[in-house]
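Before any comments, here is the structure.
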Amino acid sequence: MTKTGKVSRAGPAGVGIMFASNGAVFAALLPWYPLLSQRLGLGAAEFGLIVAAFAVGAIASSALPSPLIARFGAIPVAVLGTALVGASVAAAAWATSGWMLAGTIFLIGFFDAIVDVAQNIAGIRVQDLAGRSILSSMHALWSLGGVASGALATLAAAGGVDVRVFLAVVAAICFLLAIAGGWLIGPAAQAPEASAADAARPRGGMRLAFVAALPLIAIAICGTMLEDVANNWAAMSAVQIGGMPVALAGLAFTVTIGSQCVGRFSGDLLINRFGRSAVARLGGLLIATGALLVVSTHDQVVTLLLGLAMAGYGSATLVPSALTAAASLPGISAGAGVTLVSWLMRIGFLVTSPLVGGLTEATDLRWGLCVLIVVGVVVLLLAPSLSRSRKTMA
């Protein structure tokens with residue numbers, strides 16, 4: 001980094017490493033969910049409530065990132081937060097009851113939300129210094145970290161590796177990666193500067209902004225609902241619908257997040273060519289069609305994985321597009337718009353697993369996963385709002 005406002009390649013590389021480590025640390029736990037659920041004797045509804053503790057923890061810590069970053073800087077908060085996320089992930093392997101597992105997942109969500117804000121602030125600062133867009137690719141690297149970690153966890157489970165040893169090793173590696181990423185970024189990204197555009201935006205009109213934000217919030221929630229299904233139910237669907245052995249069930253999570261990763265790497269190119277609304281409409285169609293494949297298959301692993309891949313790819317640009325549109329909401333600053341949508345979209349993580357779990361308990365997992373069909377239709381209907389929300393403020 002230099003004081004001239006320019007940034008070396010090390011800065012974006014450091015941000016990418018931090019994002020990848022954050023994606024990897026929690027993903028290491030997800031393929032073990034079927035094993036932990038069997039070990040603890042959890043029903044579908046109980047499991048849905050337990051994994052929803054992640055969203056509860058994230059919401060509980062929503063007021064902490066800003067003062068922590070203002071006091072200590074974005075990079076130290078992200079690095080220390082990664083250590084705490086890793087410790088909570090490793091502790092999940094030692095749970096002997098549903099309550100203990102819920103407690104560790106709550107802590108994962110609590111600390112992960114802080115890391116998420118801190119690493120995005122660092123990324124935005126590096127992006128500003130670089131003078132080019134990098135944040136979309138950073139989110140793709142987050143997905144890539146999750147894919148790699150999920151694949152390794154699946155191989156470890158299939159090979160009979162002790163879950164406690166595996167998660168402890170992954171936590172340590174991700175912490176070291178976060179340290180390396182912070183070192184590469186350097187001190188120039190410790191705190192973002194307010195942009196002239198933000199300063200020029202009027203600060204009133206919160207009610208108008210909230211009304212304009214509602215469709216964006218809904219689209220972002222749809223994106224988080226798909227991610228929640230990938231995290232918590234993809235492996236379950238592989239076992240219960242696709243007939244896949246428990247030890248290999250993590251492959252379904254890897255396929256879903258992997259397709260999302262591909263979609264994020266290609267998303268900027270498609271959006272620049274066709275626009276955010278058109279890409280979102282395609283995403284909604286892919287989610288609904290993919291979900292139909294998943295719920296209609298019978299012991300056909302390939303069909304199930306194809307459906308999950310379509311849904312994952314379709315969801316790739318939803319959250320980034322909603323947050324980008326939120327920066328242009330009328331009457332409030334860009335930062336306030338992004339914060340509004342970012343905070344409320346966590347409702348998707350809060351309600352998805354209890355909803356899927358409750359439907360599954362009452363019927364079966366096929367009906368539970370039908371919520372993704374609804375998600376796809378909602379995205380199709382609301383996609384035009386991604387263009388309408390754009391405007392130029394004087």
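The values are calculated or read from the model by the stated rules, or taken from the named source; none is laboratory data. Computed from a predicted model, the values in this text were never measured in an experiment. Cβ: placed from backbone, ideal geometry, glycine included. Neighbour counts: every protein chain shown. We work out accessible area using only protein heavy atoms, side chains counted, and drop any ligands, DNA or RNA first. Shrake-Rupley method; radii C 1.70, N 1.55, O 1.52, S 1.80 Å.
If packing is taken as the average number of other Cβ atoms within 10 Å across a peptide's residues, how do 28-38, 150-160, 228-238 rank, most packed first?
Those peptides, ordered most packed to least, come out 228-238, 28-38, 150-160.
Kindly rank 116-122, 355-361 from highest to lowest mean number of other beta carbons found within 10 Å of each residue.
116-122, 355-361
Ordering 139, 298 by how much accessible area each has at a 1.4 Å probe, largest first, what is the list?
On the way: 139 50, 298 125 Å².
Ranked from most to least accessible, the order is 298, 139.
If each of residue 172 and residue 289 carries a label point 7 Å out from its Cα toward its Cβ, how far apart are those two points in nm?
Calculated label separation equals 4.7 nm.
Protein chains only, probe 1.4 Å: how do 261, 370 rank by accessible area, largest first?
Reading off the accessible areas and sorting them downward yields 370, 261.
Output the relative contact order of the chain, whole-number percent, from Cα pairs under 8 angstrom with separation of 6+ residues.
24 percent
Which value, in debye to the nearest 20, describes the size of the charge dipole of the chain about its Cα centre when Lys and Arg Cβ atoms bear +1, Asp and Glu Cβ atoms bear -1, and nothing else is charged?
1260 debye
Please report, in cubic angstrom per residue, the volume enclosed by the convex hull of the alpha-carbon atoms of region 1-112.
Values: hull volume 11.6 nm³, N = 112.
Dividing the Cα hull volume of region 1-112 by its residue count gives 103 Å³.
When ranked by the protection proxy of mean other Cβ atoms within 10 Å per residue, highest first, what sequence do the peptides 207-213, 277-283 form?
In descending order of packing, they fall as 277-283, 207-213.
By its C-alpha gyration tensor, with a ≥ b ≥ c as the square roots of the eigenvalues, how is the chain shaped: rounded for a/c under 1.5, else prolate for a/b larger than b/c, else oblate?
Oblate.
Using the alpha-carbon atoms, what tilt in degrees (0 to 90, nearest 10) does helix 334-344 show relative to the longest principal axis of the chain?
Helix 334-344 sits roughly 20 degrees off the main axis of the chain.
Below 8 Å between Cα atoms, with a sequence gap of 6+, how large is the relative contact order for region 237-394 in percent?
Rounded, it is 31 percent for region 237-394.
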